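Trainee: Sharing a structure here in structure tokens format.
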Amino acid sequence: MTMLPFPEAPHPTPEDTEDGRKLFAGPVDFVKGVVAMSGLPPADRLEICFAGRSNVGKSSLINALTGRKALARTSNTPGRTQEINYFDVGEKLYLVDLPGYGFAEAPVAVVRQWQALLKSYLSGRATLRRAFVLIDMRHGIKKVDEEILDLLNKAAVTFQVVLTKADKISVAQREKTLEQVRKALSKHPAAYPELLVTSSEKGEGIATLRAIIATMQ
């Protein structure tokens with residue numbers, strides 16, 4: 001049997017599932033919103049970050065992951081997405097919510113500012129263990145996503161693709177998107193070799209994502 005490149009992440013063991021549950025059942029607190037590299041908190045613990053274009057469902061996923069309904073705001077207000085938002089997870093790691101990219105309605109100068117901050121962070125944060133790049137399952141990897149993936153490659157930051165909104169499409173559409181994503185990722189050496197399919201609304205993939213993060217400790 002031929003193994004697919006970039007298979008879906010396997011279900012975690014009961015032990016890893018429980019570790020993931022416990023990690024996010026504890027305190028998860030907003031630390032600060034950062035608008036410049038000089039404002040980053042001390043690099044004294046492991047960091048994971050979440051990146052994705054606007055409207056990909058990033059805030060909903062972070063809320064589902066942490067079991068908090070309003071930890072990350074789910075509005076599309078540009079003012080919120082300009083910041084790199086830091087959350088402390090049980091004093092063990094930082095969960096970092098990066099500015100949404102591809103926000104068409106934002107002024108050009110603001111978009112440039114976001115992009116510069118994003119690039120500086122991704123290429124210069126030594127404690128960043130993994131970037132989770134969110135891709136809308138209805139659309140697959142777009143050109144604007146490719147720019148971020150190229151940046152992560154150049155920065156040698158391991159990234160893992162998390163497909164969102166899996167409940168919004170049919171099984172046939174899912175397979176078509178997975179095929180497109182696998183093909184696109186084949187040229188990215190920094191890509192972690194497993195995909196994660198999620199639905200914030202239905203809870204699909206959330207326990208697996210928690211376990212993945214917990215096992216990085």
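Trainee: Going through the stretch 200-217 one residue at a time, which ones are part of a loop (DSSP other than H, G, I, E, B) and either of a type in the set (Ser, Thr, Tyr) or surrounded by fewer than 20 Cβ atoms within 10 Å (Cβ to Cβ) (or both)? Before you say what the answer is, go through the steps one by one.
Mentor: To start, the set of residues in the stretch 200-217 that are part of a loop (DSSP other than H, G, I, E, B) comprises 200-203, 205, 215-217.
Passing the criteria: Ser200, Glu201, Lys202, Gly203, Thr215, Met216, Gln217.
Trainee: So which residues in the stretch 179-199 are open to solvent by less than 40 Å² (accessible area, probe 1.4 Å) and within 25 Å of Leu122 (Cβ to Cβ), if there are any at all? Break it down into steps so the answer makes sense when it comes.
Mentor: The initial filter retains those residues of the stretch 179-199 that are open to solvent by less than 40 Å² (accessible area, probe 1.4 Å), namely 181-182, 184-185, 188, 190-191, 195-199.
Result: Val181, Arg182, Ala184, Leu185, His188, Ala190, Ala191, Leu195, Leu196, Val197, Thr198.
Trainee: Please list, ordered by first then second residue, the pairs with beta carbon atoms under 7 Å, 6 or more apart or interchain, first in the stretch 5-23 and open to solvent by 40 Å² or more (accessible area, probe 1.4 Å), second assigned to a helix (DSSP H, G or I) and among the basic types (Lys, Arg).
Mentor: Close Cβ pairs (under 7 Å, with a partner that is assigned to a helix (DSSP H, G or I) and among the basic types (Lys, Arg)) amount to Pro5/Arg182; Arg21/Arg210.
Trainee: To continue, here is another question. Look through the stretch 160-178, keep the residues that are touching a Ser or Thr at 6+ places or on another chain (Cβ under 6 Å) and without any contact (Cβ under 8 Å) to a residue 40 or more places away in the chain, and return whichever of them is surrounded by the most Cβ atoms within 10 Å (Cβ to Cβ).
Mentor: Ala166
Trainee: Across the stretch 113-151, which residue is modelled with the lowest pLDDT among those that are surrounded by 15 or more Cβ atoms within 10 Å (Cβ to Cβ), in contact with a helix residue (DSSP H, G or I) (Cβ under 7 Å, 6 or more places away or on another chain) and more than 22 Å from Leu209 (Cβ to Cβ)?
Mentor: Ranking the qualifying residues of the stretch 113-151, first place goes to Lys119.
Trainee: Against the condition in contact with an Asp or Glu (Cβ under 9 Å, 6 or more places away or on another chain) and open to solvent by less than 60 Å² (accessible area, probe 1.4 Å), how does Tyr101 come out, does it pass?
Mentor: Details: in contact with an Asp or Glu (Cβ under 9 Å, 6 or more places away or on another chain): yes; open to solvent by less than 60 Å² (accessible area, probe 1.4 Å): yes.
The answer is yes for Tyr101.
Trainee: Same structure, new question: Which of the following residues is at pLDDT below 85, among the small types (Gly, Ala, Ser) and open to solvent by 20 Å² or more (accessible area, probe 1.4 Å): Ser60, Ser75?
Mentor: Values: Ser60 fails: at pLDDT below 85.
From the options Ser60, Ser75, the qualifying one is Ser75.
The values are calculated or read from the model by the stated rules, or taken from the named source; none is laboratory data. The shown structure was predicted, so the numbers you read here are calculated from the model rather than taken from an experiment. Cβ coordinates were reconstructed from backbone atoms using ideal geometry, including for glycine residues, and neighbour counts include every protein chain displayed. In case anyone asks, the SASA skips ligands and DNA or RNA and just uses the protein heavy atoms, side chains included. Shrake-Rupley method; radii C 1.70, N 1.55, O 1.52, S 1.80 Å.
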